[in-house]
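Input: a single structure, listed below in structure tokens.
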Amino acid sequence: MELQYTLDNLTETAQEILKNAKHKTFLFYGEMGMGKTTLIKQLAKELGVKEEASSPTFSLVNEYITKNKESLFHFDFYRINHEEEAYDIGLEEYLYSDSWCFIEWPSVLENLLPLESVKLHITKNEDNSRSIQLEN
């Protein structure tokens, strides 16, 4: 499935992603500045997270609670150099907890990620809109 969006229709795009997602683990692929964190903030908002999500670049993971009292974990693995660092934060426990897991820069940890996940490949278009290739 492919979606195109701008900041003007970000809410509708996030709703469409959640409606079509078959899993709770989301893997966000895209270069720096593609809007991964912006999209995650909107997805969290659509799931009823009251506080504004922010990038966990230095802490590696932030936890939020949805309106349904579910945990949402937002990971940013941009600064991860080795899989061992992910083991150190207990990544497997997060991934297999049946919680929402949104992962930026997942390519660093491909061997550790569940096969059952939603992959979102984000690219920038010439008009500055974004395209998302969504794979379940």
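Of note:
- Taking other C-beta atoms within 10 Å as the exposure proxy, ASP88, ASP76 rank ASP88, ASP76 from fewest upward.
- As a ratio to 2.2 N^0.38 Å, the alpha-carbon radius of gyration computed for the stretch 1-71 takes the value 1.10.
- Karplus-derived 3J(HN,Hα) values for the stretch 68-83, using 6.51 cos²θ - 1.76 cosθ + 1.60 with θ = phi - 60°, are 8, 6, 9, 7, 10, 9, 10, 10, 10, 9, 4, 8, 6, 10, 9, 4 Hz; glycine and proline are entered as x.
- Computed on the stretch 72-133, the Cα convex hull volume stands at 101 Å³ per residue.
- A Cα-only calculation for the chain places Rg and Dmax at 14.0, 41 Å.
- In plain terms, the residue of ARG130, ARG79 with the fewest other Cβ atoms within 10 Å comes first and the most crowded comes last, giving ARG79, ARG130.
- The trypsin sites (Lys or Arg not before Pro) of the stretch 1-45 that meet both conditions, a loop assignment by DSSP and at most 11 other Cβ atoms within 10 Å of the site Cβ, are LYS22.
- The GluC sites (Glu not before Pro) of the stretch 1-68 that DSSP puts in a loop, and whose beta carbon has at most 11 other beta carbons within 10 Å, are GLU31, GLU51, GLU52.
- Ordered by the count of other Cβ atoms within 10 Å of each Cβ, fewest first, ILE89, ILE80, ILE132 give ILE89, ILE80, ILE132.
All of the numbers you see were taken from the coordinates with simple rules; none came from a lab. For clarity, every value in this text was computed on a predicted model and none was experimentally measured. Note that each Cβ is placed from the backbone with ideal geometry, even for glycine, and that neighbours are counted across all protein chains shown.
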